[in-house]
1. Would you say residue 269 is in the same structural domain as residue 78 (by TED's automatic domain parsing), of a type in the set (Phe, Trp, Tyr), under 14 Å from residue 66 (Cβ atoms) and under 17 Å from the mean Cα position of the chain (by Cα)?
2. Filter the range 316-334 down to the residues that are over 24 Å from residue 13 (Cβ atoms) and of a type outside the set (Gly, Ala, Ser) and list them by number.
3. Output the residue which, of all residues in the range 271-319 that are basic (Lys, Arg) and touching a helix residue (DSSP H, G or I) at 6+ places or on another chain (Cβ under 8 Å), is farthest from residue 248 (Cα to Cα).
4. Give me a count of the residues in the range 1-23 that are without any contact (Cβ under 8 Å) to a residue 40 or more places away in the chain, farther than 25 Å from residue 343 by Cα and of a type in the set (A, V, I, L, M, F, W, C).
5. Counting only residues that are within 15 Å of residue 212 (Cα to Cα) and either touching a Leu at 6+ places or on another chain (Cβ under 7 Å) or aromatic (Phe, Trp, Tyr) (or both), how many does the range 292-323 have?
6. Considering each residue of the range 220-277, count those that are touching a Pro at 6+ places or on another chain (Cβ under 7 Å) and not in a loop (DSSP other than H, G, I, E, B), and give that number.
7. Inspect the range 128-139 for any residue being within 30 Å of residue 47 (Cα to Cα), of a type outside the set (Ser, Thr, Tyr) and within 22 Å of the chain's Cα centre (by Cα) and give the result as yes or no.
8. Yes or no: residue 189 in a helix (DSSP H, G or I) and touching an Asp or Glu at 6+ places or on another chain (Cβ under 8 Å)?
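The values are calculated or read from the model by the stated rules, or taken from the named source; none is laboratory data. In this text, all values refer to a predicted model and were calculated from it rather than measured experimentally. Backbone-built Cβ (ideal geometry, glycine too); neighbour counts: all protein chains shown.
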Amino acid sequence: MNPDLARLQPYPFEKLASIKRGIIPPASLQHIALSVGEPKHPTPQIISEALLEHLHGLGQYPTTRGIVGLSESIANWLSQRFAIASDKINPATHVLPVSGTREALFSFAQCIVERNKNSLVAMPNPFYQIYEGAALLAGATPFFINCAEQNDYLPDYDAVDDSTWERCQLLYICNPGNPSGATHSAQQLEQLIELAHRFDFIIAADECYSEIYDEQQAKPLGLLEISERSGNPDFSRCVVFHSLSKRSNAPGLRSGFVAGDAKVLKSYFSYRTYHGCTMPVPTQHASIAAWNDETHVSHNRVLYAQKFNDVMTILANSLELKKPDAGFYLWAKTPISDIEFAAKLFEQQHITVLPGQYLSRETANGNPGQNHVRMALVAPVEECSEAAHRIKQFITTL
């Protein structure tokens, strides 16, 4: 067996299942799951119709690059969404479709990392555990950059010394962040681009939550738009990952893309010809329909805005909460241990939340996820409000 498999840690939901084991919640209360970031809004009809219309495509082997129309629709979307000059994004060289960002974020490290004893893959802490697993199975050492409250839950890049950046081969960023929803500023993204060029590493920007934001506020910035704006128009060392799972309520479609540095994508394309995770042709046509439509995305944002307003109003005097810049998570501070909070909440109110320390790792400066819980507001509006009322009642018992 690959010895690096032994370095993998249990997934957060395995740990969550263990603390719930043996607990019997009130049968009179319907279970409300706020633990998994799986969108529950209906998948838009334009996606399912396009999928059904092209089922005959199941008789074709899909290619790694996908059909031309898909890359073109993605390039057009990137250009319009992030105000990038249309002639700067070549669909044939700057875009590569993938079967969801999860598989791409993992396989990207296997392609990028040069195996040696000193290689580091840097990532935020807390983080999406795929980053850590990708680093370990690429033969690298994960390096965790804490996202503490005093830094607005963003990674403290200034705390990383030059010797660490010199060993870094790949930096994962999550923008907007999971679990906090914090977004990087233009200045922070410019700082990372400068560091990537100075110390010779690649930035992998996971931007899968970028389309869930309050339309009354500023849109989250993207790495590629800042790259072009800051004098790096060929997106050198910059690669972004996007998905239809959150944006279009289609997690089961397993459709996303990678875009950016053409030289990096050329190598990643070679890797993927062997990796074999190509997108079925019907899925590609459904994806084109999704990327070409913004109406359903705007409607999605309205629903999330309503849920955040309702839940935060109900919990305003019960939990320490900050409305996230974007995304659909609430990253709440707990008055007791996050693990104890999650277990007791499930026992008393039949609600599942995710302890923050399950999403992070212990460092010399502590575990930044400790005494926090992640609540995914993915359920319908009424269900999220009901959950908030139950949580408020539960907190009165502490």
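1. No; evaluated as a whole, the condition is false for this residue.
2. Result: 317, 320, 322, 323, 325.
3. 272
4. 2
5. Number satisfying all stated conditions: 3.
6. Residues that pass the stated criteria total 4.
7. Yes, the conditions are met somewhere in the range 128-139.
8. Spelling it out, it is not the case that residue 189 is in a helix (DSSP H, G or I) and touching an Asp or Glu at 6+ places or on another chain (Cβ under 8 Å).
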